[in-house]
Each structure stands twice: as structure tokens, then as C-alpha cells.
Amino acid sequence: MGSRELHPEPAGQEVGATAEPRTRTPRGDAGRYHFRVSTPPAGARPPRRLATIDLGSNTVRYLLVEVDAGQAWRVVDQDQRVTRLGEGLAAAGALAEAPMARTAGAVREYAERARRLGAVDVRVVATSAVREAINGRAFAERLAHTTGVAVAIVSGEHEARLTIRGVLAGQPTLAGSLLVFDIGGGSTEFIRWSDGAIAASTSLRLGVVPLAERFPFEAPVPWDRYDALEREIRDRLARELSPALTAAAIGTLVGTAGTVTTLAALDLGLAVYDAARVQGHRLTRAAIAAQLRRLGALDLAGRVALPCLEPGRADLIVPGVAIVTATMDVFGAETIVVSDWSLREGIVAELLEAGR
């Protein structure tokens with residue numbers, strides 16, 4: 001357990017064939033988003049399609065974009081699926097066969113879908129679960145062999161850099177000192193952004209999957225048990241987040257990934273997830289507390305029935321909220337700005353900057 005300071009970055013690993021980007025189909029707006037990375041070179045290319053697949057510890061997220069000659073891009077297709085790759089990883093130290101099979105099936109389907117829709121490049125990026133598991137590299141090699149797509153196993157620092165790129169691509173008006181946190185299935189990343197650069201970043205082995213395994217809330221939540229969970233998380237953040245992240249005041253706290261976007265959708269009262277409305281939504285402490293009371297009053301079946309709570313997240317949402325509220329406490333924040341864009345959009349931005 002513990003944190004990994006992300007300076008300097010250890011070399012990432014790429015397993016398999018030529019890397020390709022991946023994407024997920026928008027449940028809401030599929031409109032045009034602009035992220036200018038450089039002046040287009042002479043003899044600019046015709047529009048092309050790129051795909052990214054974010055292979056996370058809980059969710060596989062796919063994105064397909066079309067890039068024009070000026071390096072502006074629009075979302076063509078996106079989707080995501082909870083496969084819980086990190087199930088049992090904290091106890092066993094290895095990926096189990098059933099989660100690997102579920103995840104491989106999702107990646108294979110998304111890679112084929114991207115190619116069918118005209119993707120000329122598909123890039124698969126694996127994060128915490130593959131990075132930490134003793135059989136993670138073997139799984140990535142097998143996946144590359146069966147899909148024909150290279151799997152890049154990124155370091156914690158690279159993951160943080162991709163996340164902040166995706167957040168800023170989606171909300172370029174965010175300015176000043178930012179603290180971005182990304183709650184994943186196996187880890188949570190914290191990134192301080194100041195003066196146009198990453199000032200500090202840390203990846204904690206603090207993910208919703210192992211928390212849910214240790215603190216299962218299948219019945220309505222016993223609040224003393226929840227309080228113990230939140231207290232444990234708050235104590236870990238106080239111990240493991242470096243002064244480079246916590247010492248100076250922050251201007252804006254930005255949250256991304258499934259817990260935060262689900263809270264935003266519930267707060268907005270959406271019957272169907274709408275990325276355009278979730279993007280940039282502000283969650284107050286009072287709004288989060290209200291949704292926690294709502295979620296805590298329900299058993300697992302009741303949470304499953306809620307709109308915008310995707311299958312596979314019902315048992316993870318309460319531990320996720322505990323990470324959110326503990327983070328707000330540690331950083332003294334009263335409001336979170338929500339980002340629907342994250343790592344997979346950051347992969348696109350990095351590919352374009354590299355001239356892919």
C-alpha cells in the first residue's frame with residue numbers, strides 16, 4: 001500500500017504490435033471539441049480517425065475521434081464497460097482469469113468497432129491493475145496477440161499527465177491553481193497544476209475496487225461503518241499526500257472518473273447520462289451529502305435501479321463518495337468542478353502533439 005511520488009517518470013512499457021488509440025461512444029453530446037496543439041504543418045493531412053482504449057482497473061473506456069487538418073477533433077463514437085479487471089487483485093497480487101477474460105472481450109470488441117468505423121490508429125493504455133499485478137505484463141502480451149493492438153502499460157506519472165491533458169482539453173477555460181483527482185478502480189491520482197505545468201503529482205494505491213471488497217455495502221449503509229471508511233481514507237490522504245500537493249492553497253478542485261461523473265448526473269437529475277451537461281458541473285458539499293444519504297438509504301438492488309448508475313458501479317459508488325468527501329476535507333474545498341474528459345482524451349491530445 002502507499003503512494004508513489006511521480007518524479008521522475010519511470011519508463012513506460014509497450015507490449016505487442018503497433019499501438020493504436022481507442023474511444024467510447026458519447027451517451028450525450030457528440031459535438032465538436034477543439035484542442036489546438038500546434039500550428040499544422042505544410043501539406044496538412046486530410047481528416048483521419050483515431051481511437052483510444054483506457055484499460056482501467058474497473059472500467060474499459062473507448063473513444064473514437066475524427067481529426068481535421070488543423071488538428072481540431074470531434075467525437076465520433078464512445079462507450080465504456082465495467083469489467084472489474086482489478087477484482088481480487090489487492091488480496092492475490094495477480095489478475096484473475098474471469099476478470100481478464102471479461103476485459104479482453106471488451107478490448108477486442110472496441111478495437112474491432114474502431115477499425116470498422118475507419119480508425120487508422122488504435123491505442124490501448126493500461127493503468128493501475130496491469131501495472132501492479134505480477135501477471136500484468138503477461139496479460140498485456142496475450143491481449144496484444146489476440147487483438148493485434150499494442151498495449152502500453154503507463155507509469156503513474158504518465159497516467160497523471162494524460163489525465164490533466166484530457167481535463168484541460170475538455171475545459172480549456174480552467175485557469176489558475178488546480179488540483180485534479182482521478183478516482184480509479186485500483187488507484188487515485190492527484191495532480192497539482194500551476195502556471196501552465198504540473199507542479200506535483202502522486203498516485204495512491206487507493207481504488208474503489210479494493211475498498212468495496214473490504215467495506216461491502218450491499219444493504220442500506222450502516223453509518224458507523226461508513227464513517228470508519230471515510231476516516232481511514234482521510235488519514236491515509238493526510239499521511240501519504242506530499243506537502244508539494246497539500247501545502248499551498250488551491251484555486252479549483254477538479255474531479256474526474258466514474259464516481260464524480262455519476263454524482264453529477266444524479267445531482268442534475270438526468271434520466272439518461274448527458275456528457276455535455278455533466279462536463280463542468282459544480283458539485284457542492286451539500287449536494288454530495290444529499291446524494292450520499294440517497295445512496296446510503298438503498299440496498300444494492302435499489303442503487304442498481306437508479307438512472308445513470310451503470311451496471312457494475314452500484315457496489316463501488318459509496319466507497320467512491322468516501323474518497324470524494326475525504327479529498328474535499330484534506331484540501332479544504334467546498335465545491336468540485338466535474339470533468340467528463342480524462343485519460344482517454346489525454347491520449348488523443350498526446351498522439352496529436354506527437355504528430356501521430
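The values are calculated or read from the model by the stated rules, or taken from the named source; none is laboratory data. In this text the structure is predicted, and so the values were computed from the model without any measurement. Note that each Cβ is placed from the backbone with ideal geometry, even for glycine, and that neighbours are counted across all protein chains shown.
Only one of the listed residues (218, 157) is of a type in the set (D, E, K, R), more than 26 Å from residue 281 (Cβ to Cβ) and in contact with a strand residue (DSSP E or B) (Cβ under 9 Å, 6 or more places away or on another chain). That residue is 157.
From the list 55, 63, 89, the lone residue that is touching a Lys or Arg at 6+ places or on another chain (Cβ under 7 Å), on the phi < 0 side of the Ramachandran plot and at pLDDT 90 or above is 63.
Applying the criterion of being assigned to a strand (DSSP E or B) and either touching a helix residue (DSSP H, G or I) at 6+ places or on another chain (Cβ under 7 Å) or among the aromatic types (Phe, Trp, Tyr) (or both) to the residues of the stretch 171-186, the residue that is nearest to residue 320 (Cα to Cα) is 183.
Among the listed residues 104, 140, 96, which satisfies the condition of being in contact with a Leu (Cβ under 9 Å, 6 or more places away or on another chain), crowded, with 23+ Cβ neighbours inside 10 Å and of a type outside the set (D, E, K, R)?
140
Restricted to helices (runs of 4 or more DSSP H) entirely inside the stretch 238-356, those with at least 3 residues that are within 18 Å of the chain's Cα centre (by Cα) and not assigned by TED's automatic domain parsing to the domain that holds residue 124 are 258-268, 275-278, 317-331, 343-353. Is there a residue in the stretch 44-52 that is part of a strand (DSSP E or B), in the same structural domain as residue 150 (by TED's automatic domain parsing) and surrounded by fewer than 23 Cβ atoms within 10 Å (Cβ to Cβ)? Yes. The set of residues in the stretch 113-137 that are surrounded by fewer than 22 Cβ atoms within 10 Å (Cβ to Cβ), under 22 Å from the mean Cα position of the chain (by Cα) and closer than 30 Å to residue 46 by Cα comprises 113, 121. Selection over the stretch 219-269 of residues that are surrounded by 18 or more Cβ atoms within 10 Å (Cβ to Cβ) and among the small types (Gly, Ala, Ser) gives a count of 5. Among the residues of the stretch 114-135, some residue qualifies, meaning at least one is acidic (Asp, Glu), more than 13 Å from residue 53 (Cα to Cα) and in a helix (DSSP H, G or I).
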